[in-house]
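Everything below concerns the one structure shown next.
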Amino acid sequence: MAAGLVPDETRALVGQVLSEPVTATITAKESQRYALAADDLNPLYFDEEAAKGAGYRTLVVPPLFLGWALGPFRPITELRTDGLYKGGGRRVNLNVKRVMFGGEEWDFLAPIYAGDTITAETRLKALDEKDGSSGPFVLQSTETSYTNQHGETVARSRGLSIAR
Amino acid sequence: MSAQLYIDDVAIGTEMPAVTRNASRAQLFLFSAATNNPHRIHYDREYAAEEGHPDVLVHGPLQGAWLHQYVAGWAGPLGRVAGLRWQNRGRAYPERDHVFRGRVTSVGEGGLVELEITEEDDTGQVLVPATATVRLPSKPTGEASA
């Protein structure tokens, strides 16, 4: 059976906040820079009249930019040799050799507009121990909620990873 | 941009037109910069080899962005993407074609449509299986037929 991959002290983190909430104001320029880098020329992100014509208040932010707009923004000295930032926040310690990114799930609940101030908070959602054909593994999911300056939750994302 | 799609235009089994995406190495650089992602597997081929990759990799999140564009483009400006769910199962490389295909799996109340989507590489391997939920508008009453 799949026992022992999740230490008790890690199990106790389920439902807990993994890092302090972060807040940032998303400008039209950085939102458009993301859209251009993704080769996404949707007029909703660039043309205010087009956005209004489609029922929006003003320029829309590509919703997946939420995952990047709030950082991390950290000093060069906090880069590892692979280029990634050293871990911030609370570590989810598991008795495993490697963790693979598994996928993402997003609920888009309200439009995100250029100029919105968004607060993100990430919690450890679940640690499910499973038995696979190549041995036991843990399905780990974290959930981030994104709230705008009016207190409205505009999106929720779940990050899935497989630890074995 | 294509004409607006309405809820009356779709049914279970309706196919989404396929879309092909191909990222240049310069685009990978721009996407790394725009997302503040310094991971070397996306721009340093020698380093990518150290992690066991034969070339630099297209970011999983860029494929996520392509997926969102595929769904939002199909739904049109009056459509709303309510949810996206995807798994990253294989490596995607620059300068290679990636084909998105999808079909309608359910049509519900209030214009809600469920989609099943795949992103395949140029060998036919599914790199990303995905599902999406979109809300399509009803045709305005009294609109002259096209």
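The values are calculated or read from the model by the stated rules, or taken from the named source; none is laboratory data. Predicted, not measured: the structure shown is a model, and the values here were computed from it. Backbone-built Cβ (ideal geometry, glycine too); neighbour counts: all protein chains shown.
Answer yes or no: is there a residue in region B:57-75 that is more than 9 Å from chain A (Cβ to nearest Cβ) and among the small types (Gly, Ala, Ser).
Within region B:57-75 (the criterion being more than 9 Å from chain A (Cβ to nearest Cβ) and among the small types (Gly, Ala, Ser)), the answer is yes, since at least one residue qualifies.
What's the number of the only condition in (1) in a loop (DSSP other than H, G, I, E, B); (2) more than 9 Å from every other protein chain (Cβ to nearest Cβ); (3) modelled with pLDDT of 95 or more that residue A:111 fails to meet?
With respect to (1) in a loop (DSSP other than H, G, I, E, B); (2) more than 9 Å from every other protein chain (Cβ to nearest Cβ); (3) modelled with pLDDT of 95 or more, residue A:111 is out only on (2).
Residue B:92 - would you say it is away from chain A (no Cβ under 12 Å), assigned to a loop (DSSP other than H, G, I, E, B) and either surrounded by 14 or more Cβ atoms within 10 Å (Cβ to Cβ) or basic (Lys, Arg) (or both)?
It is true that residue B:92 is away from chain A (no Cβ under 12 Å), assigned to a loop (DSSP other than H, G, I, E, B) and either surrounded by 14 or more Cβ atoms within 10 Å (Cβ to Cβ) or basic (Lys, Arg) (or both).
Just to be sure before I move on: is residue A:114 surrounded by 16 or more Cβ atoms within 10 Å (Cβ to Cβ) and out of contact with any strand residue (DSSP E or B) (no Cβ under 6 Å at 6 or more places or on another chain) in the structure I sent?
The answer is yes for residue A:114.
Looking at A:137, A:101, which is the one that is surrounded by fewer than 16 Cβ atoms within 10 Å (Cβ to Cβ), touching a residue at least 24 places away in the same chain (Cβ under 8 Å), part of a strand (DSSP E or B) and on the phi < 0 side of the Ramachandran plot?
Of the residues listed, the single one that is surrounded by fewer than 16 Cβ atoms within 10 Å (Cβ to Cβ), touching a residue at least 24 places away in the same chain (Cβ under 8 Å), part of a strand (DSSP E or B) and on the phi < 0 side of the Ramachandran plot is A:101.
For region B:95-112, give me each residue that is more than 16 Å from the chain's Cα centre (by Cα) and not acidic (Asp, Glu).
Residues satisfying the conditions are B:105, B:106, B:107, B:108, B:110, B:111, B:112.
Conditions: (1) over 15 Å from residue A:40 (Cβ atoms); (2) in contact with a Ser or Thr (Cβ under 7 Å, 6 or more places away or on another chain); (3) at the interface with chain A (Cβ under 10 Å from one of its Cβ atoms). Residue B:7 meets all but one. Number of the miss?
(3)
Listed here are the residues, each with its yes/no results for (1) of a type in the set (Ser, Thr, Tyr); (2) crowded, with 20+ Cβ neighbours inside 10 Å; (3) out of contact with any Cys (no Cβ under 8 Å at 6 or more places or on another chain).
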site: B:14; (1), (2), (3): yes, no, yes
site: B:46; (1), (2), (3): no, no, yes
site: B:56; (1), (2), (3): no, yes, yes
site: B:71; (1), (2), (3): no, yes, yes
site: B:76; (1), (2), (3): no, no, yes
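Take residue A:37 and decide whether it is in contact with a Phe, Trp or Tyr (Cβ under 7 Å, 6 or more places away or on another chain), surrounded by 15 or more Cβ atoms within 10 Å (Cβ to Cβ) and within 11 Å of another protein chain (Cβ to nearest Cβ).
Yes: the conditions hold for residue A:37.
Only one of (1) within 13 Å of chain A (Cβ to nearest Cβ); (2) of a type in the set (S, T, N, Q); (3) part of a loop (DSSP other than H, G, I, E, B) is not met by residue B:123, so which one is it?
Of the numbered conditions (1) within 13 Å of chain A (Cβ to nearest Cβ); (2) of a type in the set (S, T, N, Q); (3) part of a loop (DSSP other than H, G, I, E, B), the odd one out for residue B:123 is (1).
What are the pairs with Cβ atoms under 6 angstrom where one residue, in region B:11-28, is among the hydrophobic types (A, V, I, L, M, F, W, C) and the other, located anywhere, is assigned to a strand (DSSP E or B) and surrounded by 11 or more Cβ atoms within 10 Å (Cβ to Cβ)? Sequence gap at least six, or different chains.
That search, which allows pairs on different chains as well, returns B:12/B:104; B:16/B:102; B:18/B:99; B:18/B:101; B:19/B:100.
The conditions are (1) closer than 27 Å to residue A:156 by Cα; (2) surrounded by 14 or more Cβ atoms within 10 Å (Cβ to Cβ), and residue B:109 fails exactly one of them. Which is it?
Failed condition: (2).
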